[in-house]
Amino acid sequence: MKDFKSFGEFYPYYLKEHSDLVCRRLHFVGSCLVLVLLALTIMTSNLWYLLMVPFAGYGFAWVGHFFFEKNKPATFQYPVYSFIGDWRMFIQMINGKIKF
């Protein structure tokens, strides 16, 4: 376990742990589903959608890591930095800075 002093120091490590294209795509799908579930929660005032958020977000990502990337998700060791990294990578995929 490395001791990262900042997110800026952590993010290159995070990207290296997401080098497999299928893994990144699964992360993207999971993040999109999280946003859809949050929107549904707001639109319908149905809090049951919130129960599905962790399964959508982490489920797709973990399948990507265990079956395609063949590594352990960074969430287990760096939960806060990993959460921030997921959303930064998602935005960078949308704006074309990271291929997916």
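Values quoted throughout were computed directly from the atomic coordinates according to the rules given, and no laboratory measurement underlies them. These figures come from a predicted structure and were not determined experimentally. All Cβ positions, even for glycine, are placed from backbone atoms using ideal geometry, and neighbour counts span all protein chains on display.
Could you put 20, 3 in order, starting from the residue whose Cβ has the fewest other Cβ atoms within 10 Å? Write down the numbers at each step before the final one.
Numbers: 20 16, 3 5.
Result, fewest neighbours first: 3, 20.
Here residue 99 is the anchor, and the lysines within straight C-alpha reach of less than 24 Å, apart from those fewer than 8 places off in the same chain, are 16, 70, 72.
Sum -39500 (n - 2.57) across every DSSP H segment of at least 4 residues in the chain, then divide by the residue count to get the 222 nm mean residue ellipticity, nearest 500. Intermediate values should be presented prior to the final figure.
On the way: 4 runs with 66 residues, N = 100.
After summing the helix terms and dividing by residue count, I get -22000 deg cm²/dmol.
Neighbour counts of other Cβ atoms within 10 Å put 27, 65 in the fewest-to-most order 65, 27. Between residue 67 and residue 99, the simple spin-label model (points 7 angstrom out along Cα→Cβ) gives 2.3 nm.
Rounded to two decimals, the Cα radius of gyration of the chain over 2.2 N^0.38 Å is 1.10.
Just to be sure I understand the curve: with the Debye formula and one point per C-alpha of segment 17-56, what is log10 I(q)/I(0) at q = 0.15, 0.18, 0.19 Å⁻¹? Cα-only, vacuum Debye calculation for segment 17-56: -0.40, -0.51, -0.55. Would you mind finding the longest exposed-site-free stretch of the chain, with exposed trypsin sites (Lys or Arg not before Pro) meaning DSSP loop and at most 11 other Cβ atoms within 10 Å? With trypsin sites (Lys or Arg not before Pro) excluded where exposed in loops, the chain gives 6-69 as its longest stretch.
The ranking of 9, 17, 69 from fewest to most other beta carbons within 10 Å of each one's beta carbon is 9, 17, 69. If you add up the charges near residue 93, with Lys and Arg at +1 and Asp and Glu at -1, over every other residue whose beta carbon is less than 13 angstrom from its beta carbon, what do you get? Surrounding charge for residue 93 is +4.
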